[in-house]
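What follows is calculated from the coordinates using simple rules that are stated; it is not laboratory data. Every value quoted in this text rests on a predicted model; they were computed, and no experiment measured them. Cβ coordinates were reconstructed from backbone atoms using ideal geometry, including for glycine residues, and neighbour counts include every protein chain displayed.
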Amino acid sequence: MIIVFLKDIISEHKSFGKRIFVLAKTELVKTYKGAAIGPLWAVVKPAFTLFVYWFAFTIGIKKLGHVDVMIHDHILSFDRFLFMLVGFIPWFFISESITKGAKDIRSHRQYVTKINFPVSTIMTFTSIARIYVHLALSLIMYVIVAFMWGTSWYNMQIFFYMPLMFLFFLFLSWTTAPMCAFSPDLENAIVSIMSGIFWLTGVIYNSYDLPAPLDTIMLFNPINFFVNGYRNAFLYNRWFFEFKTEFIIFIVEFIILFFLGVFNYNRLRKKIPDVL
């Protein structure tokens, strides 16, 4: 049955074709329409957030200027700004995908009420709009990393992590967006727990350095997989397959989320127009 549902979703995307990318561009324009500096807000907001955390940990109460990480039996010391920068870049995309992804159907209800509009594409074009912003931020990050730390072939792993991250949180929105269309309370709950999720993810600290069993528990956090992945690619110079346990756990979670998203979307999609 899930295979049939998946075929329906693929068919919806196939029939809609290029309009998905047109709507993604429209989504970006709508997001920053009327703002004096326009799309620059996509950079200003993350930059200010990063500055606040950097100031707190380097100049404020902690006064921690560097992060020491064990890499291949050697301890490397990273400037905290650089360490946090590489962790924040995937986090900005992830947090937006979780909070706004849950609202996608409700905030685009005008499309839901249209006849023959493929509802599943709403989550797709909004996710594409977010990945455009992520690409711009990643480019800025790459320039800073190249200047402060250098480049290597390991950096190419971003072409592995980024599409995987896009798909993972697209599948998550297939589950959360239809449910939030029925229950605004769930939408509010997701927003409320995001600050807690931030601290449970190694965005500002090295999760590999946590004491047992916390270091093992953190392996089950898929957000942590991407944060560590970006650092592996740009700072640690380690390949993703060097952490077999973490990778296998993530793949299992990825497959489960995929089937859950397909099932949940198809279970609720016919009832959504009546609710909205």
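Structural remarks
- By the count of neighbouring beta-carbon atoms within 10 Å, fewest first, Leu268, Leu172 end up ordered Leu268, Leu172.
- For the chain, the longest principal axis of the C-alpha atoms and the axis of helix 158-182 are separated by about 50°.
- Nearest-ten-degree value, helix 120-148 long axis tilted from longest Cα axis of the chain: 20 degrees
- Here the spin labels are modelled as points 7 Å beyond Cα on the Cα-Cβ line, and at Leu210 and Arg19 they lie 4.5 nm apart.
- Segment 7-33 versus segment 208-247: alpha-carbon centroid distance in Å: 33 Å
- Of Lys25/Lys271; Lys25/Lys270; Lys18/Lys244, those spanning more than 31 Å from alpha-carbon to alpha-carbon: Lys18/Lys244
- Reference-scaled alpha-carbon Rg (2.2 N^0.38 Å with N residues) for segment 151-197: 1.63
- Radius, Kirkwood style, for the chain when every pair of distinct Cα atoms is counted (Å): 20.0 Å
- Distance between the pseudo-spin-label points of Phe160 and Ile59 (7 Å out from Cα toward the beta carbon): 3.8 nm.
- The stretch between Leu135 and Leu40 holds 32.8 nm of extra length on full extension. This uses 0.36 nm per residue minus the Cα-Cα distance.
- Based on Cα atoms of segment 90-151, Rg over Rh with Rh as the Kirkwood radius reads 1.19.
- Extended-chain gain in nm, criterion 0.36 nm per residue less alpha-carbon gap, Val275 and Ser152: 39.1 nm
- Helix 184-199 axis versus longest C-alpha principal axis of the chain: approximately 10°, rounded to the nearest ten.
- Computed over segment 196-276, the quotient of the alpha carbon radius of gyration and 2.2 N^0.38 Å is 1.42.
- Computed log₁₀ I(q)/I(0) - Debye formula, equal Cα scatterers, no solvent, segment 132-251, q 0.14, 0.15, 0.23 Å⁻¹: -0.72, -0.81, -1.42
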